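Heads up: the structure comes next, in structure tokens.
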Amino acid sequence: MMKQRSFCTSLWQCYFEYSTPKILVIRSFKVGTLNRFTQALVIAYIIGYVCVLKKGYQDTDTVLSSVTTKVKGIALTNTSDLGLRIWDVADYVIPPQEENSFFVLTNLIITLNQTQSRCPESNSTGFYCTSDRDCRVGLRDTRGNGVQTGKCVNYSADVKTCEVWAWCPLEMDAEPPVPPMLGDAENFTVLIKNSIRYPKFNFNKRNILPHVNTSYLEHCVFNRITDPDCPIFRLKDMVTEAEEDFQTMAVHGGVMGVQISWECNLDMPSSWCVPKYTFRRLDNKDPVNNVAPGYNFRFAKYYKNGDNQETRTLIKGFGIRFDVMVFGQAGKFNIVPTLVNIGAGLALLGLVSLIRLHWTYFYKAPF
């Protein structure tokens with residue numbers, strides 16, 4: 001019974017006890033210098049890096065974005081196959097709208113007046129033959145252009161290949177023209193409309209800034225010095241800023257990146273939140289590993305002649321695809337991250353005491 005009462009008394013006394021740490025004054029130039037130097041480093045880290053550089057007093061949000069584009073320009077070509085021809089936006093922007101990107105046709109290989117009929121398979125596919133026994137009826141091969149009929153026919157005076165049922169005449173396996181047929185595309189312009197939102201802060205903005213009016217848009221072209229706020233870009237200027245030559249790139253095509261950065265400090269006036277544009281080439285242009293360079297695809301335009309026979313014009317199109325990529329982060333003062341970062345900084349000051357004790361113990365500094 002006495003032991004139980006003694007335990008309760010001790011517990012009661014511990015509950016109402018209050019203790020303070022013992023303060024030890026160390027009179028040492030070395031220890032004092034190390035102490036103040038360490039404190040200065042911690043304070044510089046808190047103020048300079050956490051608060052000023054990283055803005056640790058702010059809450060942050062990532063950008064939500066939408067992008068639309070509109071290309072304008074006229075090109076003129078004069079070839080033996082097509083004659084004199086005008087190309088407008090309906091001809092060279094394929095497809096008319098894409099998500100956060102657009103494609104501009106710059107070069108092409110054209111095969112005219114194809115019909116579904118029989119013709120010799122191309123000699124580039126390896127379907128050589130000497131007799132009908134070398135060909136299989138109904139054979140389909142991903143390297144070929146059609147379905148084999150089982151006959152061995154003359155491809156040229158000294159070469160025979162298997163006959164196929166396909167769109168004939170077959171597409172010519174040739175290099176794209178140099179210079180590119182639509183080299184005038186370097187002077188085309190594109191209007192990039194970008195709307196962004198930071199939902200946490202209920203903040204909206206677009207790259208057509210408030211001071212930009214209709215009359216200005218009708219004449220401006222983006223220039224970093226004279227017109228940095230203009231959302232209309234000349235294709236050649238974008239490629240040049242990526243340290244590429246437009247006419248060279250237009251031969252085989254390629255992929256360009258248009259990067260729009262929205263880094264916004266919402267503690268400042270909203271007019272300070274403006275987009276920054278950068279451009280770079282995204283596809284591989286390694287001069288050693290140059291198999292299948294550039295960017296190309298095939299499409300066809302279909303017709304019916306007077307005999308109601310379907311014909312088509314096959315086009316192997318080369319061009320430049322522009323991918324618009326939007327990045328950004330906004331920050332605004334919030335008491336919670338402010339207190340968290342200040343508290344973390346004060347906790348680091350506790351390291352100063354540990355370093356001082358370490359120095360005192362190992363080096364026996366006088367005190």
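Key figures for this structure:
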quantity: Segment 206-290: trypsin sites (Lys or Arg not before Pro) in DSSP loop, at most 13 other beta carbons within 10 Å; calculated: Arg224
quantity: Thr68 versus Asn202: modelled label distance in nm, points set 7 Å from Cα along the beta carbon direction; calculated: 2.6 nm
quantity: Segment Lys304-Asn154, length gained on full extension (0.36 nm per residue, minus Cα span); calculated: 51.1 nm
quantity: Surface accessible to a 1.4 Å probe, Asp237 within the full protein complex, Å²; calculated: 60 Å²
quantity: Per residue solvent-accessible surface (Å²) - the chain, probe of 1.4 Å; calculated: 63 Å²
quantity: Within the chain, longest stretch clear of exposed GluC sites (Glu not before Pro) (DSSP loop, no more than 13 other Cβ within 10 Å); calculated: 244-367
quantity: Over segment 132-174, volume per residue of the alpha carbon convex hull, in Å³; calculated: 81 Å³
quantity: Cβ-placed point charges (K, R +1; D, E -1), dipole of the chain about Cα centre in debye, nearest 20; calculated: 2540 debye
quantity: DSSP-assigned coil residues among trypsin sites (Lys or Arg not before Pro) in segment 26-124, each with at most 15 further Cβ atoms within 10 Å; calculated: Arg27, Lys54
quantity: Radius of gyration and Dmax over the Cα atoms of segment 168-289, both given in Å; calculated: 18.9, 67
quantity: Alpha-carbon gyration tensor eigenvalues x 5, square-rooted, for the chain, Å; calculated: 72, 30, 21
quantity: Accessible area of the chain belonging to carbon and sulfur atoms, whole % at 1.4 Å probe; calculated: 57 percent
quantity: Ala347-Arg143 pseudo-label distance in nm [points 7 Å out on the Cα-to-Cβ vector]; calculated: 6.5 nm
quantity: Alpha-carbon Debye profile of segment 103-213, log10 I(q)/I(0) at 0.19, 0.21 Å⁻¹; calculated: -0.98, -1.08
quantity: Antiparallel bridges, percent of DSSP beta bridges restricted to the chain (to nearest 5); calculated: 85 percent
quantity: With 10 Å bins from 0: P(r) over segment 168-224, alpha-carbon pairs, percent; calculated: 14, 28, 21, 16, 14, 7, 0
quantity: Gap separating the Cα centres of segment 51-75 and segment 191-251, nearest whole Å; calculated: 13 Å
quantity: DSSP H segments from the chain that extend 27 Å or more along their own axis, Cα-based, with Kyte-Doolittle mean of -1.0 or above; calculated: 335-363
quantity: Inter-centroid distance (Cα atoms) of segment 286-331 relative to segment 110-159, Å; calculated: 26 Å
quantity: Over segment 67-110 - Rg/Rh using Cα atoms and the Kirkwood inverse-distance radius; calculated: 1.03
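The values are calculated or read from the model by the stated rules, or taken from the named source; none is laboratory data. Everything numeric here is computed off the predicted structure, so don't read it as measured data. Note: ideal-geometry Cβ built from the backbone for every residue, glycine included; neighbour counts use all protein chains shown. Only protein heavy atoms, including side chains, enter the accessible area calculation; ligands, DNA and RNA are left aside. Shrake-Rupley method; radii C 1.70, N 1.55, O 1.52, S 1.80 Å.
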